Amino acid sequence: MDLKPETFARIEEVITHYPTKRSAVLPLLHLIQEDAGYISDSAMEWVAQKLELQPINVYEVVTFYPMFRRKPIGRRHIKVCRTLSCALMGGYRTCEEFKKEFNTGLNQISPDGEVTIEFVECLASCGTAPVVMVDDVLHEKVDCAKAREIAAQIKRKAEGQKG
Ligand code: FES
């Protein structure tokens, strides 16, 4: 499985926090998704082996919890809040703007491979709605103009990394 050495180290450490290995299944899956962006079939098999479980046990956990993704995502992950305050303040329009900017739909990888845009529930910053997270960074009061600015920053950074 292709993960950063730090992730493997964290996995080893997390397992020691539990009296029985199998109890570490959720934290391990979170660590893998944080690093790889999604949970692949080989990741599930790897976790099963690591925790002395059957692959079906891990598969059941992954498919039960909606926060686990089964497909790869773009290099950057744009999460647009769609809960009440953000929805009322224009979150849906913000999302449309991102989709237009990256020429993509929801939950897909944009044609340039750069982003995946997703709706999420409340990001606990309702007073500054509409709110968007790009990877781990929270952006507040993201109207359409600000969405275009954020998109431009992402594109500039992507260009910089190519050159
Ligand atoms: S409703 Fe969007 S952050 Fe709470």
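A few remarks follow.
- Of all residues in region 125-132, none are more than 18 Å from K146 (Cβ to Cβ) and in a loop (DSSP other than H, G, I, E, B).
- Residue within region 87-99 that is in a loop (DSSP other than H, G, I, E, B) and surrounded by 20 or more Cβ atoms within 10 Å (Cβ to Cβ) present: no
- With respect to (1) closer than 23 Å to D143 by Cα; (2) modelled with pLDDT under 95, the lone exception for L88 is condition (2).
So that you can scan it fast, the table gives a plain yes or no per residue for (1) among the polar types (S, T, N, Q); (2) in a helix (DSSP H, G or I):
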position: I109; (1), (2): no, no
position: T116; (1), (2): yes, no
position: Q153; (1), (2): yes, yes
position: Q161; (1), (2): yes, yes
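- Identity of the residue in region 122-154, of a type in the set (D, E, K, R) and modelled with pLDDT of 95 or more, that ends up nearest to the ligand (Cβ to nearest atom): E140
- Inter-residue pairs, beta-carbon under 6 Å, first away from the ligand (no atom under 14 Å from the Cβ) and in region 77-104, second assigned to a loop (DSSP other than H, G, I, E, B) and among the polar types (S, T, N, Q), 6+ apart: F102/S110; T104/S110
- Cβ pairs under 9 Å, 6+ apart, first in region 113-128 and among the charged types (D, E, K, R), second within 8 Å of the ligand (Cβ to nearest atom): E121/C81; E121/R82; E121/T83
- Among all positions in region 11-22, there is no residue which is surrounded by fewer than 15 Cβ atoms within 10 Å (Cβ to Cβ), within 16 Å of the ligand (Cβ to nearest atom) and either hydrophobic (A, V, I, L, M, F, W, C) or at pLDDT 95 or above (or both).
- Count of region 105-121 residues which are within 15 Å of the ligand (Cβ to nearest atom) and of a type in the set (D, E, K, R): 2
- Given (1) surrounded by 15 or more Cβ atoms within 10 Å (Cβ to Cβ); (2) of a type in the set (S, T, N, Q); (3) more than 30 Å from E13 (Cα to Cα), index of the condition N103 fails: (1)
The values are calculated or read from the model by the stated rules, or taken from the named source; none is laboratory data. This structure is a prediction, so every number in the text was calculated from the model and none was measured. Every residue, glycine as well, gets a Cβ built from its backbone with ideal geometry; the counts of neighbours run over all protein chains shown.
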